[in-house]
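Data first, discussion second: the structure below is written as structure tokens.
The values are calculated or read from the model by the stated rules, or taken from the named source; none is laboratory data. From a predicted model like this one, the values you see are computed outputs, not experimental measurements. Quick reminder, even Gly has a Cβ in these numbers, built from the backbone with ideal geometry, and neighbours come from all protein chains shown. We work out accessible area using only protein heavy atoms, side chains counted, and drop any ligands, DNA or RNA first. Shrake-Rupley method; radii C 1.70, N 1.55, O 1.52, S 1.80 Å.
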Amino acid sequence: MNLQKWLAEMQALCKPDRIYICDGSDEEYHRIAEEMVKCGALIALNPTLRPRSYLARSNPEDVARTEKDTFICSQQQEDAGPTNNWEEPGLMLQRLKKLFDGCMRGRTMYVVPYCMGPLTSPFSYFAVQLTDSPYAVLNMRWMTRMGSEVLALLKDHSFSPGVHSVGVPLSPGEKDSSWPCNPQNRLIVHFPEERSVWSFGSGYGGNALLGKKCLALRIASVIARDEGWFAEHMLITGITSPEGKKHYIAAAFPSACGKTNFAMLAPTLPGWKVECVGDDIAWMHWGADGRLWAINPEAGFFGVAPGTSERTNPNMLRALASDALFTNVALTPDGDVWWEGIGTPPPQGLISWLGVPWQPGTPAAHPNSRFTVSLKRSPICDPAAESPTGVPISAILFGGRRAHVVPLVTEAHSWRQGVLMGAMLSSERTAAAEGLVGEIRRDPFAMLPFCGYNMGDYFAHWLRMGQGEKKLPRIYSVNWFRKNSEGQFLWPGFGDNIRVIKWIFERLEGRGESMESSAGCLPKDLDLSGLQGIDLKALLSVDQKAWEHEVEEMKRYAERFKDRFPQELQSELSL
Ligand code: TSX
Ligand code: MN
């Protein structure tokens, strides 16, 4: 793809009034932010309480990724598989060209050159996002390496082209809205064979920040399949024991399981240290030493605000103390931010995410409200977070929210059983937005909305990658959310999860006693020092009847992948 030629084509199609090439500087960030403040698209927070920070309020119809509008347009429908929306690429391109024709009239087209991963890493991927959303530009500044340096390097690399429009052209003199979007015509389209993305009608998160879900997961998963590596929806965290032994762990959790909290865990056991490489995405390659090496393609956190508190994630609160961008949280009368579960009572005169005085009983912050902040602002940013070779992964965790049946932790006997744990990952719904609260939903590898090709082939890729001379990471299933018959959580969670990691460390070092079970290898004991009233037996029990039922459910789930569900996993299920 030739940058100049593509730019000219997109300019002719979108017909923006101006083109602006982003340099990625601090000066540019604040200039664009202050322009948005002037037209009411952004609120500058109180510089004493929250220096250099801003609040954006979205259109209430544009508050989350929209999976029904998200498409994988591979040549063959079979290659998109049963978990993705698909359209014939030629037809989709026609539709997109109609939508994008003149869509940036009256606006600036920002050219955002960016790199997913450290600039000098052989595992990084270069890309350009064209967008008419200055809000998207500000987010890309924190979430990716972006600007002049990337543009200079781009000449020597292939890159992924992405074009994004909020889908609201302006006629001369027309006043813009504070969050332009076009929910009736929303479309987020991936052409995996071309490595390209077209996104229309939404300004929010994963729909608009093309580096994240679109490139680093959907497109990259296809590249990873083709090239023999992994693009995964996983956090990466570095953990050091009191003896000074350090292991890096990658972990996949479906939404609403506290993945970001776990990535920045504040351990309660003395002498343990946790450092964060990333909270959302891992790109992992086999090294010459046979180990699995991971980089975080992102440069920041785009996290859910509600529930983030001194108790649940003290390190994130430190990170958010300045230079943060908030979306759809509540505004306090002194110009700071507030959200449900922040750990302080709502102040008098609170303004809700809708920009009106907050009424008790209604959400002050939207449940999917977000913060955007650089990874470097984290007080526990891992020293190797920028390493071009990445960090060596010792263990992979798959975690879900399950009130019953699934033990606190189990270790897979084999790579194959571990892949099955990933493929059958499940979690209970916590919000009633769509469907029943408590309903168990399978979310294979937490990749359901993010795998850019046939999920059955993805399972086969995982199996294939475990073959040959490798120092395979051990694989674990974890569940912080098991409940007793009274409906109370059995496990304190949060910083106490380090106790589970301590057992995993012992296993990695060839110690750590275990017991066999049909759900995998269980700990004989855990370090519960300083805790009282923990029912470890209940946390680690495997009810034979309930587990058999679980396996039957898994077999039923496997059927939807038809003949693409790997035979090896089928036989693992029948053991
Ligand atoms: O993030 C969570 N983690 C991982 C932390 C490192 N959460 C919050 C999930 C919502 C996104 C958890 N919630 C965890 C957890 O380990 N465990 C629980 C369940 C739980 C909630 C409250 C208590 C105990 C367990 N106890 C009290 O509130 C006192
Ligand atoms: Mn995610």
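When the charge dipole of the chain is built from unit charges on Cβ atoms (+1 for Lys and Arg, -1 for Asp and Glu) and taken about the Cα centre, the candidate among Pro161, Gln567, Ala460 whose Cα reaches farthest toward its positive end is Pro161.
To the nearest ten degrees, helix 26-38 and the longest principal axis of the Cα atoms of the chain are 70 degrees apart.
Express in nm, to one decimal, how much length is gained between Gln184 and Ile21 on full extension, taking 0.36 nm for each residue of separation and deducting their alpha carbon distance. It would help to have the intermediate numbers written out before the result.
Details: separation 163, 0.36 × 163 = 58.68 nm, distance 2.95 nm.
Contour length minus the Cα-Cα distance gives 55.7 nm.
Quick one: which of Lys524/Lys545; Lys38/Lys97; Lys5/Lys98; Lys245/Lys376 span more than 30 angstrom between C-alpha atoms? Write down the numbers at each step before the final one.
Working: Lys524/Lys545 22 Å; Lys38/Lys97 33 Å; Lys5/Lys98 20 Å; Lys245/Lys376 24 Å.
Beyond 30 Å between Cα atoms: Lys38/Lys97.
A P(r) calculated from all alpha carbon pairs of the range 455-504, with 10 Å bins opening at zero, reads 19, 31, 24, 23, 3 percent. Taking only the alpha carbons of the range 374-446, we obtain Rg and Dmax values of 16.6, 44 Å in that order.
Any idea what the dipole of the chain comes to, in debye rounded to 20, about its Cα centre with Lys/Arg Cβ at +1 and Asp/Glu Cβ at -1? Intermediate results must be reported in sequence, preceding the final value.
Details: 59 positive and 65 negative charges, 56 e Å.
About 280 debye.
Looking at the chain alone, DSSP beta bridges between its own residues are antiparallel in about 65 percent of cases.
Excluding Gly147 itself, calculate the net charge of residues whose Cβ lies under 15 Å from the Cβ of Gly147, where each Lys or Arg counts +1 and each Asp or Glu counts -1. Could you put the intermediate results ahead of the total?
Numbers: positive: Arg31, Arg141, Arg145, Lys155; negative: Asp23, Asp26, Glu27, Glu28, Glu149.
Taking every Cβ under 15 Å from that of Gly147, the sum is -1.
Skip the ligands, DNA and RNA, and give the accessible area per residue of the chain with a 1.4 Å probe, whole Å².
On the way: 22900 Å² over 575 residues.
About 40 Å² of surface per residue is accessible.
Projecting the Cα positions of Ala395, Leu13, Ala256 onto the charge dipole of the chain (unit charges on Cβ atoms of Lys, Arg, Asp and Glu, taken about the Cα centre) puts Leu13 furthest along the positive direction. Once Rg and the Kirkwood radius are both taken over the C-alpha atoms of the range 402-478, their ratio Rg/Rh works out to 1.03.
What trypsin sites (Lys or Arg not before Pro) does the range 111-170 have in DSSP loop regions with at most 11 other beta carbons within 10 Å? When the trypsin sites (Lys or Arg not before Pro) of the range 111-170 are filtered for loop state and at most 11 Cβ neighbours within 10 Å, Lys155 remain.
Its Cα gyration tensor gives the range 1-143 an equivalent ellipsoid, and the semi-axes of that ellipsoid, as √(5λ) in whole Å with the largest first, are 30, 19, 19.
Calculate how steeply helix 455-465 sits against the longest principal axis of the alpha-carbon atoms of the chain, using the helix alpha-carbon long axis, and give the answer as 0 to 90 degrees to the nearest 10. That works out to roughly 60 degrees.
Each peptide in 1-12, 227-238, 269-280 gets a packing score, the mean of other Cβ atoms within 10 Å over its residues, and the list from highest to lowest is 227-238, 269-280, 1-12. For the listed peptides 516-522, 132-138, a ranking on the average number of other beta carbons within 10 Å per residue, highest first, reads 132-138, 516-522.
Taking a point 7 angstrom from the Cα of Asp563 along the C-beta vector, which residues in the range 426-465 have backbone N less than 17 Å away? Output list for this probe position: 454-458, 460.
Sorted by packing (mean other beta-carbon atoms within 10 Å per residue), highest first, where do 285-294, 168-177, 533-542 land? Intermediate values should be presented prior to the final figure.
Values: 285-294: 16.8, 168-177: 12.4, 533-542: 14.7.
Ranked by mean Cβ neighbours within 10 Å, highest first: 285-294, 533-542, 168-177.
Three semi-axes describe the equivalent ellipsoid of the range 345-467; taken as square roots of 5 times the Cα gyration tensor eigenvalues and ordered largest first, they are 36, 23, 15 Å.
Can you tell me how the range 179-316 classifies by the Cα gyration tensor, rounded, prolate or oblate, using a/c under 1.5 as the rounded cut?
Details: a/c = 3.66, a/b = 1.38, b/c = 2.65.
The shape class here is oblate.
Taken over the range 276-400, the alpha-carbon convex hull comes to 120 cubic angstrom per residue.
What is the Rg over Rh value, at two decimals, for the chain, using alpha-carbon atoms and the Kirkwood definition of Rh? Intermediate results must be reported in sequence, preceding the final value.
Working: Rg = 23.4 Å, Rh = 24.5 Å.
Here the Rg-to-Rh quotient is 0.96.
Straight-distance candidates among the lysines for linking to Lys213, with alpha-carbon spacing under 19 Å and chain neighbours fewer than 8 residues away dropped: Lys68, Lys259.
Here the Karplus relation 6.51 cos²θ - 1.76 cosθ + 1.60, evaluated at θ = phi - 60°, turns the backbone of the range 420-427 into coupling constants of 5, 4, x, 5, 9, 3, 9, 8 Hz, with x for every Gly and Pro.
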